[in-house]
Amino acid sequence: MFSQIAPRYDLLNRLLSAGVDQSWRRATVREALKHGPKRVLDLACGTGDLTLLLKKSAPEAEVVGADFALPMLELARAKAQKSGLQVRFQEADALELDFPDAYFDAITVAFGFRNFADYERALAELYRVLRPSGRLCILEFPPPPKSGLGVLYRFYFTRVLPYIGGLISGNAAAYRYLPASVERFPPPEALRGMMEKAGFRVRYRLFTGGIAALHVGEK
Ligand SMILES: C[S@@+](CC[C@H](N)C(=O)[O-])C[C@H]1O[C@@H](n2cnc3c(N)ncnc32)[C@H](O)[C@@H]1O
């Protein structure tokens, strides 16, 4: 599914979020780079927007983008080449990471964690490849709030977004999957609990009336 939507992925991101997603990504980068990490992993990097932002903000750091969808990685590599940024993009499955223990000082996962087939296993892998006192930043869409802005947002997310997403990407199912997966995703408190169970010390903040959430876990 992710391979199929890759060619129109960036365009739809900007269009469907009216560019707000970039401000959430910038906040994620600030959190991830707080302690000047030397090695950073952007897992489920997709077309590499967050990976490249990380490298721009921390030019000295070794930044790796990893994803299991090759067409996403190819687009990410082309963007890196165009911007002249030295970033390594490699194929990886979040449930079985091909990195040594305690290798990274910071890890980001933006809108990818929700899609992992086994959250506990992914958290165990993320914990394993992070060094002690390293940071894990998970940016995600929690289930929409039940009232206020949440009602409007739910309408947009379940009606408008699948229509436009289907039209432009040619894969309507992928843009129906998006709101369905968001409804199924654990609310922020529950995700905090899961991360704590995996060994992290966790805090989180909400963006744009609770549409997005950033969880920061320290090992
Ligand atoms: C919604 S995109 C997010 C991409 C990017 N992080 C961003 O912020 O635009 C989700 C990405 O997660 C990747 N993904 C899903 N499950 C994965 C897994 N088990 N291992 C690696 N990547 C995965 C998909 O291939 C896709 O590129």
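The values are calculated or read from the model by the stated rules, or taken from the named source; none is laboratory data. Everything numeric in this text was worked out from a predicted model, so none of it was measured. As a convention, Cβ positions derive from the backbone with ideal geometry for all residues, glycine included, and neighbour counts pool all protein chains shown. Please note that ligands, DNA and RNA were not included when accessible areas were found on the heavy atoms of the full protein model with its side chains. Shrake-Rupley method; radii C 1.70, N 1.55, O 1.52, S 1.80 Å.
Answer yes or no: is there a residue in region 79-88 that is within 13 Å of the ligand (Cβ to nearest atom), farther than 17 Å from residue 109 by Cβ, among the charged types (D, E, K, R) and free of Cβ contacts under 8 Å to residues at least 40 places away in the same chain.
Scanning region 79-88 turns up at least one residue that is within 13 Å of the ligand (Cβ to nearest atom), farther than 17 Å from residue 109 by Cβ, among the charged types (D, E, K, R) and free of Cβ contacts under 8 Å to residues at least 40 places away in the same chain.
Could you please give the count of residues in region 61-78 that are within 11 Å of the ligand (Cβ to nearest atom), aliphatic (A, V, I, L, M) and assigned to a helix (DSSP H, G or I)?
Looking only at that region, the number is 5.
Evaluate region 120-143: report whether one residue or more is among the hydroxyl-bearing types (Ser, Thr, Tyr), part of a helix (DSSP H, G or I) and under 12 Å from residue 217 (Cα atoms).
Yes, region 120-143 contains at least one residue that is among the hydroxyl-bearing types (Ser, Thr, Tyr), part of a helix (DSSP H, G or I) and under 12 Å from residue 217 (Cα atoms).
Give the residue, chosen from 123, 139, that is within 13 Å of the ligand (Cβ to nearest atom), open to solvent by less than 20 Å² (accessible area, probe 1.4 Å), more than 22 Å from residue 7 (Cα to Cα) and in contact with a strand residue (DSSP E or B) (Cβ under 8 Å, 6 or more places away or on another chain).
Residue meeting the stated conditions: 139.
Test each condition in (1) more than 16 Å from the ligand (Cβ to nearest atom); (2) at pLDDT below 85 for residue 157 and report the one that comes out false.
For residue 157, the failing item is (1).
Do you know which of the residues in region 18-45 that are open to solvent by 30 Å² or more (accessible area, probe 1.4 Å) and assigned to a helix (DSSP H, G or I) is modelled with the lowest pLDDT?
So, considering only residues that are open to solvent by 30 Å² or more (accessible area, probe 1.4 Å) and assigned to a helix (DSSP H, G or I), the one modelled with the lowest pLDDT is 20.
Only residues that are open to solvent by less than 50 Å² (accessible area, probe 1.4 Å) and not small (Gly, Ala, Ser): list them for region 107-118, please.
Hits for region 107-118 are 107, 108, 109, 111, 113, 114, 115, 116.
Could you please tell me which pairs satisfy a Cβ distance under 7 Å, a separation of 6+ or placement on different chains, a first residue in region 181-206 that is modelled with pLDDT under 95, and a second residue that is open to solvent by 50 Å² or more (accessible area, probe 1.4 Å) and in a helix (DSSP H, G or I)?
If the second residue must be open to solvent by 50 Å² or more (accessible area, probe 1.4 Å) and in a helix (DSSP H, G or I), no pairs are left.
Does residue 104 count as at pLDDT 95 or above, open to solvent by 10 Å² or more (accessible area, probe 1.4 Å), among the aromatic types (Phe, Trp, Tyr) and in contact with a helix residue (DSSP H, G or I) (Cβ under 6 Å, 6 or more places away or on another chain)?
No; evaluated as a whole, the condition is false for this residue.
Looking only at region 1-60, filter to residues that are out of contact with any helix residue (DSSP H, G or I) (no Cβ under 8 Å at 6 or more places or on another chain) and within 21 Å of residue 167 (Cα to Cα); which one of those is farthest from the ligand (Cβ to nearest atom)?
Restricting to residues being out of contact with any helix residue (DSSP H, G or I) (no Cβ under 8 Å at 6 or more places or on another chain) and within 21 Å of residue 167 (Cα to Cα), the top hit is 18.
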